[in-house]
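Presented below is the structure to which this report refers.
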Amino acid sequence: MTERTLSGIGVTPLSGVGTVVWYRPDADLPEPPAAEDVDAEAELARFEDARAAAEDELEAERERTAERVGEEEAAVFDAHVQFLNDPQITDGVTDAIEGGLPAEHAVQETFSEFVEQFENMGGRMGERADDLRDVRDRLVRVLSDGERVDLSSLPEGSVVVAERLTPSDTAQLDPERVAGFVTVTGGRTSHAAIFARSLALPAIVGVGEELQSVEDGAEVVVDGESGDFVVDPSDERKEAAAAAADVDIRHESVETADGVEIEIAANIGTLADLGPAVDRGADGVGLFRTEFLFLDRESPPDEDEQYEAYVEALESFDGGRVVVRTLDIGGDKPVPYLDLPDEENPFLGERGIRRSLGPDADLFETQVRALLRAAASADGANLSVMLPLVSTVEELRAGRERFESIAADLDAEGVENELPEFGIMVETPAAAFMADQFAPHVDFFSIGTNDLAQYVMAAERGNERVSDLGDYRQPAVLRAIDATVSATEGEDCWVGMCGEMAGDPDLTELLVGLGLDELSMSAVTVPQVKAAVAETDTADARELAERVLQADTKAEVAEILTLDQ
Ligand code: PEP
Ligand code: MG
């Protein structure tokens, strides 16, 4: 049989080989009875019961997801509960029932109208349509007593193929048994894609209607890097994919071919990310985005809860460094209970260290107390802290002084504490320009290329229309990185990188050549980046970096890198 390749958007840089299992949640309903045969009062009561039952299910799934995947991912079920109780939608269903439809048909009809409205809005709102569908199908299933296809106990080696996978569907997939999933619809930032990355599942979304032609039981290869979905693959293809899937995980630290050690760490948001980080061989944590401990809850975590979280991260790595970033609230990370100001340009507003030294001073103090105590714990010697979005030397000084004065308070209270290694993120052009002035005051820099690219290029991160401009391969961004690293020459200041760029294995040689000492990334790409470091020769890498820094366009940068790969 000859192989056939369908293309979509690869969302996890992993490959899988397996057998297709079509997942078609049964949402088809029989024809409704005549309106005069429908008892509206009884149907309204059934709808209310179904809503209550669906809410109970959602609570249970929320808890399960928080445990297995993480708080951030679990938050989607809160959105589902909101849809379930949205007055506009429930009024629509009530009207439809009063107009003579049975409850399940009224739900199907009303929700489908809202789904269509969201889809027409496109972009992120369009992706919310998946959530609405999920709630609709759940209610219809409850109302019609339908059995749900059990995604949590699929045969080993299954590749789940579906029109779309809702968050509840994806959360049920067992990464031990499922070899990947592929969907007709979906984009890079859809919930399914985010879950795939968290669960380290090979996945392709947005293949289009052609996917319907792939039959149940077909043998397939899912290449989550290129987005190629290969049906009836050749033996060579399967072997290549299995070899790629069977990526060599190194738990020991990695050196370049000529013996220079480069630290390869993982970015984490919640404690649920620690397991994958350890499993994929990260040396430690290069960025703990602590604001995730504050999101999706009603009030901030207290000092003890934070202390426990930081100590758990430290204990997970056998002597590996854990870099905790202090709160980076604001920008695209709102926290409902903090009453953030309504700003026209939140990315240019009160964000990160600006809030910690201003309106969130109390929250910052609690966090600093927890960090100083964690630094004195058994594994605390490996704790480092860094401040986000620093743009002036005064902010750095003020931040550092807060650590020192709070340490003195703890001493006075007789509470054991230690000042940890101290650094800043370099993610504003100001910090890159002033790096030589910052360097003497810190132990390290960590370059945040997500924000650095956005601010250097004046191209909002996440805005598809300017994504080409906001690309970290733009020469101006590369020069900002080079300026930052060069400013530390002769200083006792190591330089890491924790933006998305650090996890791009195609750029590892360049980053080594630019002089980075540490790279921190989502756990998924740790093995690939470690492998790329081991193949790099630092003299060649420096020469490559020099050539790339001369490039005048992103296209030229890409061309030089491809030539040298
Ligand atoms: C960055 O800006 O590159 C970074 C790592 O921080 P965040 O993505 O959390 O803003
Ligand atoms: Mg940032």
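Bear in mind that the values in this text are calculations on the coordinates, not laboratory data. Everything numeric in this text was worked out from a predicted model, so none of it was measured. Here the Cβ is made from the backbone with ideal geometry for all residues, glycine too, and neighbour counts use every protein chain on show.
The order of ASP279, ASP223, ASP216, going from fewest to most other C-beta atoms within 10 Å of their C-beta, is ASP216, ASP279, ASP223. You can think of it this way: the chain between GLU176 and ASP506 has 116.0 nm of extra reach, that is 0.36 nm per residue less the Cα-Cα gap. In plain terms, the residue of LEU511, LEU357, LEU293 with the fewest other Cβ atoms within 10 Å comes first and the most crowded comes last, giving LEU357, LEU293, LEU511. The simple spin-label model puts a point 7 Å past each Cα toward its Cβ; for SER486 and GLN550 those points are separated by 1.5 nm. Estimate the FRET efficiency between ASP78 and ALA539 by the formula 1/(1 + (r/R0)^6), using the beta-carbon distance for r and 56 Å for R0, to the nearest 0.05. With R0 = 56 Å, the Cβ-Cβ based efficiency is 0.60.
Between GLU156 and MET1, the C-beta separation translates, for a Förster distance of 22 Å, into a calculated FRET efficiency of about 0.45.
Computed over region 14-108, relative contact order equals 40 percent, with contacts defined as Cα pairs under 8 Å that lie 6+ residues apart. Computed from label points 7 Å out along Cα-Cβ, the spacing between GLU252 and ALA52 is 6.2 nm. Taking Cα pairs under 8 Å and at least six residues apart, what relative contact order does region 259-564 come out at, in percent? After rounding, I find 18 percent. One decimal place: the segment GLU209-ASP37 gains 58.0 nm when fully extended, by the rule 0.36 nm per residue minus the C-alpha distance. Taking other Cβ atoms within 10 Å as a rough exposure proxy, SER158, SER299 sort from fewest to most as SER299, SER158. The overall shape of region 35-143 is oblate: from the C-alpha gyration tensor, with semi-axes ordered a ≥ b ≥ c, the ratio a/c is 1.5 or greater and a/b is no larger than b/c.
Mean separation of Cα pairs under 8 Å and 6 or more residues apart, divided by the residue count, gives the chain a relative contact order of 14 percent. Between ALA378 and THR562, the contour length at 0.36 nm per residue exceeds the alpha carbon distance by 61.7 nm.
Applied to region 106-113, the Karplus parametrisation 6.51 cos²θ - 1.76 cosθ + 1.60 on θ = phi - 60° returns per-residue 3J(HN,Hα) values of 5, 5, 4, 5, 5, 4, 4, 4 Hz, with x for Gly and Pro. Straight-line cross-link reach from LYS530 at under 29 Å between alpha-carbon atoms covers these lysines, not counting any fewer than eight positions away in the same chain: LYS238, LYS554.
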